[in-house]
Amino acid sequence: MVDIKRREELNEALELMHFGFRKLIEKPDQLLAARGMHRMHHRLLYFIARNEGLCVSDLQTTLMISKQALHRPLSMLIKKGLVESAACMEDARMRNLSLTRKGRALEIRLSRMQRNQFRKVFMQSAPEAESGWRKVMRDLIKVDSIKG
């Protein structure tokens, strides 16, 4: 059983994560909203930018979302001319995704805002704070495999 002091420390961690994330996405979300888009569009742009030629099923797997959850925002990005979808050379049934020039410019702008926030915070922190944060985030991703 978790004691009261520890529970409060864990609650603080949850609150810090919530408010930190909210601050990290605030400006990109505003920019997206002005274009009729939301956070999922940024996620798609981000991962397509880092994996040019990524096929739709691999994007779905990477983001751990259903085909249905991916369809609407991806279709919007294609319709807005931010993402291109082309038949895969090896299998015409598969679609490869890439950013258009316009899509790349938007992704760079959105992600730059967030990279700048991280850069500023990491510069203010000791080097071991950044490495500690990275370890916590990596461990959080695989928390189900942590014993205890």
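Data for the structure
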{"item": "GluC sites (Glu not before Pro) within the stretch 1-55: DSSP coil, no more than 15 neighbouring Cβ in 10 Å", "result": "E52"}
{"item": "Built amide H within the under 5 Å cut-off of T100, gap 5+", "result": "V83, E84"}
{"item": "Farthest toward positive dipole pole in the stretch 13-145 [+1 Lys/Arg, -1 Asp/Glu at C-beta], among L32, A87, V121", "result": "L32"}
{"item": "Computed over the chain, the ratio Rg/Rh where both radii use C-alpha atoms and Rh is Kirkwood", "result": "1.04"}
{"item": "Calculated from backbone phi, Karplus (6.51, -1.76, 1.60) coupling profile of the stretch 39-55 in Hz, x at Gly/Pro", "result": "3, 4, 4, 5, 4, 5, 4, 4, 6, 5, 4, 8, 9, 3, x, 4, 8"}
{"item": "Relative contact order (percent, whole number), the chain, Cα cutoff 8 Å, 6+ residue spacing", "result": "21"}
{"item": "Extension reserve of the A126-H18 stretch, reckoned as 0.36 nm per residue once the Cα distance is removed", "result": "36.6 nm"}
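Laboratory data are not the source of any read-out in this text; all were calculated from the coordinates shown. Predicted model, so just to flag it, every value in this text is computed and none were measured. Neighbour counts run over all protein chains shown; Cβ positions are idealised from the backbone, glycine included.
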